[in-house]
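Take a look at the following structure, please.
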Amino acid sequence: MAPNVEETLLEVKDVKTHFFTDEGVVKAVDGVNLSLRRGQTLCVVGESGCGKSVMARSILRIVPAPGRIVSGEISFRQRNGETIDLAQMNPRGRDIRSIRGREISMIFQEPMSSLSPVHTIGSQIMEAILLHLPVSRSEARKRAVSLLDLVGIPRASEQLDAYSFELSGGMRQRAMIAIALACEPQLLIADEPTTALDVTTQANILDLISDLQADSGMAVLFITHDLGVVAEIADEVVVMYLGRDVESGDVDAIFHEPKHPYTRALLQSIPRYDSRDRERLYSLKGSVPHPFNRPGGCPFHPRCDEFIADQCNTIDPGRYTVGGDHSVRCLLYEPSAAAQNVGASEPPAPAQNVGATR
């Protein structure tokens, strides 16, 4: 049966995840909001260190110590129709363990460090199956073989007894996908699943996730910094900077009508097919601030080309709706500023030529 795409599966409301270290408090996630419907693909983008992976781990309640969720709500609709708040669950409790791998699965960023080197690929897939499904070991093994075959690993019955170090990078990534899909989750979180893969393997992995999503109707939360991938697979996009969602909307709005100066800067830095010979790429000035030296006001203001003196450095911008489901955190779109004709500069040319991976 086709999924009800109007039904919200996951909703993250103002979630804050902080790490309490001896040097101070690191606000890795500092008020993120996002919503994901059944069968949809939501891409979360941003520079390294902006909190994308910590946000994903917060959903599954696997944030490592000394980090913890300090506030916010993570609403998830289970198969039985009940909506629960994952943020209120005990990270070590039975309830959340019944959801991890069964209702929500995750493809981790680096398969070589995520897969056990002392257990076979088959044993790791079977572990997830036996934990969540009422099947025998022989049935679990048959299911594991079919999963490896499904993700495109040749000679699946033989590779089932292989160790992770015996597989190539692409095969390890496919094995990670097989583990994540073992129990047919409603939500798949993919944390940069194509990092360090060659272009051909990357395209195959994206095709695989798309095909499996179409067959099962699962939702996908895709974390990446590759805007070419985003342009190809996303339905909705959330742009993160320094632990916050600075802009969110459907993929067409983000690519063709970007509002936040940070989003526009990311799009301008992409190589274009129509660029002139020897034309220099746009470079986003500065770097992500140190966690213990967060700027006041808008966190992006030290790097912003449209900085407003005595406002951006003192006022923390709220979330402003700029049309439909398109929202942005920027004082340029604060109602009183708009009334004074204080607006953003013209956005870059439409990104129809953003480097797709296929």
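The values are calculated or read from the model by the stated rules, or taken from the named source; none is laboratory data. Everything numeric in this text was worked out from a predicted model, so none of it was measured. A quick note on method: Cβ atoms are made from the backbone with ideal geometry, for glycine too, and the neighbour counts reach across all protein chains shown. Surface areas here come from the heavy atoms of the whole protein model, side chains and all, with no ligands, DNA or RNA. Shrake-Rupley method; radii C 1.70, N 1.55, O 1.52, S 1.80 Å.
If the requirement is being modelled with pLDDT under 90, surrounded by fewer than 20 Cβ atoms within 10 Å (Cβ to Cβ) and in contact with a helix residue (DSSP H, G or I) (Cβ under 7 Å, 6 or more places away or on another chain), which of these qualifies: Gly217, Gly228, Gly152?
Gly152
Pick from region 324-355 the residues that are loosely packed, with under 13 Cβ neighbours inside 10 Å and in contact with a Gly (Cβ under 8 Å, 6 or more places away or on another chain): which of them is modelled with the highest pLDDT? Quick ask: steps written out before the conclusion?
Keep residues of region 324-355 that are loosely packed, with under 13 Cβ neighbours inside 10 Å, which gives 324-325, 335-336, 339-341, 343, 345-346, 349-350, 352.
Checking the rest, the ones that are also in contact with a Gly (Cβ under 8 Å, 6 or more places away or on another chain) come to 324-325.
Values: Gly324: 84, Asp325: 88.
Selected residue: Asp325.
Quick one: is Val251 under 27 Å from Ser287 (Cα atoms) and in contact with a Phe, Trp or Tyr (Cβ under 6 Å, 6 or more places away or on another chain)?
Working: under 27 Å from Ser287 (Cα atoms): yes; in contact with a Phe, Trp or Tyr (Cβ under 6 Å, 6 or more places away or on another chain): no.
So Val251 does not fit the description; no.
While we're on this one: Pairs please, first residue from region 5-25 and at positive phi, second anywhere and part of a loop (DSSP other than H, G, I, E, B), Cβ atoms under 9 Å, 6+ apart in sequence or on different chains.
Short answer, once both residue conditions are applied: Gly24/Pro291; Gly24/Phe292.
Quick check, is Ala265 closer than 28 Å to Arg280 by Cβ and without any contact (Cβ under 8 Å) to a residue 60 or more places away in the chain?
Working: closer than 28 Å to Arg280 by Cβ: yes; without any contact (Cβ under 8 Å) to a residue 60 or more places away in the chain: yes.
Here the answer is yes, as Ala265 does meet what is asked.
Does Leu188 meet the test of being closer than 25 Å to Gly49 by Cα, open to solvent by less than 40 Å² (accessible area, probe 1.4 Å) and under 22 Å from the mean Cα position of the chain (by Cα)?
yes
Is region 256-271 home to any residue that is surrounded by fewer than 18 Cβ atoms within 10 Å (Cβ to Cβ), within 27 Å of Gly72 (Cα to Cα) and touching a helix residue (DSSP H, G or I) at 6+ places or on another chain (Cβ under 8 Å)?
So far as region 256-271 goes, no, none of its residues is surrounded by fewer than 18 Cβ atoms within 10 Å (Cβ to Cβ), within 27 Å of Gly72 (Cα to Cα) and touching a helix residue (DSSP H, G or I) at 6+ places or on another chain (Cβ under 8 Å).
Then there is this: What is the number of the single condition among (1) under 11 Å from Tyr262 (Cβ atoms); (2) buried (at least 18 other Cβ atoms within 10 Å of the Cβ) that Glu306 does not meet?
Here Glu306 meets the rest and fails (2).
Only one of (1) of a type outside the set (A, V, I, L, M); (2) closer than 21 Å to Thr8 by Cβ; (3) touching a strand residue (DSSP E or B) at 6+ places or on another chain (Cβ under 8 Å); (4) in contact (Cβ under 8 Å) with a residue 12 or more places away in the chain fails for Gly67. Which number is that?
Of everything listed in (1) of a type outside the set (A, V, I, L, M); (2) closer than 21 Å to Thr8 by Cβ; (3) touching a strand residue (DSSP E or B) at 6+ places or on another chain (Cβ under 8 Å); (4) in contact (Cβ under 8 Å) with a residue 12 or more places away in the chain, Gly67 misses just condition (2).
Filter region 104-126 for residues that are of a type in the set (A, V, I, L, M, F, W, C) and closer than 24 Å to Ile223 by Cβ; which is surrounded by the fewest Cβ atoms within 10 Å (Cβ to Cβ)?
This residue is Met112.
Go over the candidates Ala190, Ala140 one by one and state the one that is of a type in the set (Gly, Ala, Ser), modelled with pLDDT of 90 or more and farther than 26 Å from Leu42 by Cβ. Let's see the steps before the verdict.
Values: Ala190 fails: farther than 26 Å from Leu42 by Cβ.
The match here is Ala140.
While we're looking at this one, here's another question. Could you say whether any residue in region 179-187 is within 17 Å of Gly122 (Cβ to Cβ), modelled with pLDDT of 85 or more, in contact with a helix residue (DSSP H, G or I) (Cβ under 8 Å, 6 or more places away or on another chain) and assigned to a helix (DSSP H, G or I)?
Checked region 179-187: at least one residue is within 17 Å of Gly122 (Cβ to Cβ), modelled with pLDDT of 85 or more, in contact with a helix residue (DSSP H, G or I) (Cβ under 8 Å, 6 or more places away or on another chain) and assigned to a helix (DSSP H, G or I).
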